[in-house]
Amino acid sequence: MKEKENGITKSANFLHKIENHFMEIAPRYRKLRTTDMEPILFIERELNDANRMHGADIGCGAGRYTLRLAKQLGKKCHLLHCIDKSEHMLIQLKKFFGKHSINHFKILHSDAHKIPLETDSLDFVVSFNAVHHFDMPNFLKESSRILKSKSRLFVYTRLKSQNTRNVWGMHFPNFTDKENRLYELDELEHMIENTPNLSLKSIRFFEYERTSTLARLEEQARGYHYSTFRLFSKKEFDKSIRTFKKNIIENYDVNNVTWKDQNILLVIES
Ligand SMILES: C[S@@+](CC[C@H](N)C(=O)[O-])C[C@H]1O[C@@H](n2cnc3c(N)ncnc32)[C@H](O)[C@@H]1O
């Protein structure tokens, strides 16, 4: 079976490899990634008028953004559906929410393209760093189905071009060539335009100043903090990380590596 995503046909084998990736990385996922509050604060402001909302985070993973959103919205959110196709990620999310005494959530082990929720049942849907794993047109269609009229879908992602400007895109050979699942803005706009009952309301660009050490960066890459690194063979990865280290040593103080990460947030109205 093949699934067409971003103009690329992904084989069942490829999808299986990525599923295994999320299974393996689930217990350490939150520690390997950097989580930013800015998109959460932005979404909270956008949802300011509403009350007792029902929402969903699709592709929620181990819940690092879901938890922040649940806390930030507080009582304004009555029920948050945490949806992911990886049960290993959802196990981590459940423990994480338990530790933080957040109880107004439901876990749904489900595919983003066929969600077991009623039509017109949600006040908002969010998705962080996940849409490049989905079949985007079907995800948009399904989000439109479960959202009530005049409610919002928030998609937080990084564009293909933004990916070329981060520390990996600039210094890790073949990082951007291997990562061919990300979209450009015009591709996202086109898919939204082609989804009945959805329209793009606004676009917000985010830029974060980052500082790290070479040791931490190497730990992240070797820990596969981006699934992109799974797309390298062992030989390719070893070669690229050697060059990456050389590039960092030549261009920075290894204890003060600086760059900018960029992301985009699409506010889509149903
Ligand atoms: C890069 S992680 C991001 C997780 C989380 N949103 C975050 O920012 O930490 C992508 C998540 O999407 C999930 N995923 C991938 N394909 C999916 C699909 N078709 N349906 C639902 N979830 C999916 C993966 O299991 C993984 O947890």
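For the range 64-75, state whether one or more residues are modelled with pLDDT under 95 and charged (D, E, K, R). Yes, the conditions are met somewhere in the range 64-75.
Of all the numbered requirements in (1) among the hydrophobic types (A, V, I, L, M, F, W, C); (2) farther than 30 Å from Asp238 by Cα; (3) crowded, with 18+ Cβ neighbours inside 10 Å, Ile102 misses one, and that requirement is (3). The condition (being modelled with pLDDT of 95 or more, surrounded by 13 or more Cβ atoms within 10 Å (Cβ to Cβ), over 27 Å from Gly223 (Cα atoms) and of a type in the set (S, T, N, Q)) is satisfied by just one residue among Ser121, Ser86: Ser121.
To keep it simple, each residue is scored yes or no on (1) buried (at least 17 other Cβ atoms within 10 Å of the Cβ); (2) in contact (Cβ under 8 Å) with a residue 12 or more places away in the chain; (3) closer than 20 Å to Gly59 by Cα.
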{"residue": "Lys178", "(1), (2), (3)": "yes, yes, no"}
{"residue": "His190", "(1), (2), (3)": "no, no, no"}
{"residue": "Phe205", "(1), (2), (3)": "no, yes, no"}
{"residue": "Arg216", "(1), (2), (3)": "no, no, no"}
{"residue": "Ile241", "(1), (2), (3)": "yes, yes, no"}
{"residue": "Thr258", "(1), (2), (3)": "no, yes, no"}
{"residue": "Ile264", "(1), (2), (3)": "yes, yes, yes"}
{"residue": "Ser270", "(1), (2), (3)": "yes, yes, yes"}
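Within the range 15-39, the set of residues being closer than 21 Å to Glu207 by Cα and within 11 Å of the ligand (Cβ to nearest atom) comprises Arg30, Leu32, Arg33, Thr34, Thr35, Asp36, Pro39. Here is the figure for the range 61-79: residues that are within 18 Å of Pro39 (Cβ to Cβ) and more than 13 Å from the ligand (Cβ to nearest atom) total 7. Only one entry in Ser110, Ser86 is within 14 Å of the ligand (Cβ to nearest atom), small (Gly, Ala, Ser) and in contact (Cβ under 8 Å) with a residue 60 or more places away in the chain, namely Ser86.
Looking at Phe97, Phe134, Phe128, just one residue is farther than 21 Å from Val267 by Cβ, buried (at least 20 other Cβ atoms within 10 Å of the Cβ) and either more than 13 Å from the ligand (Cβ to nearest atom) or at pLDDT 95 or above (or both), and that residue is Phe97.
Against the condition of a type in the set (A, V, I, L, M) and within 11 Å of the ligand (Cβ to nearest atom), how does Ile58 come out, does it pass? Yes.
The values are calculated or read from the model by the stated rules, or taken from the named source; none is laboratory data. This one's a predicted model, so the numbers in the text were calculated from it and none came from an experiment. A quick note on method: Cβ atoms are made from the backbone with ideal geometry, for glycine too, and the neighbour counts reach across all protein chains shown.
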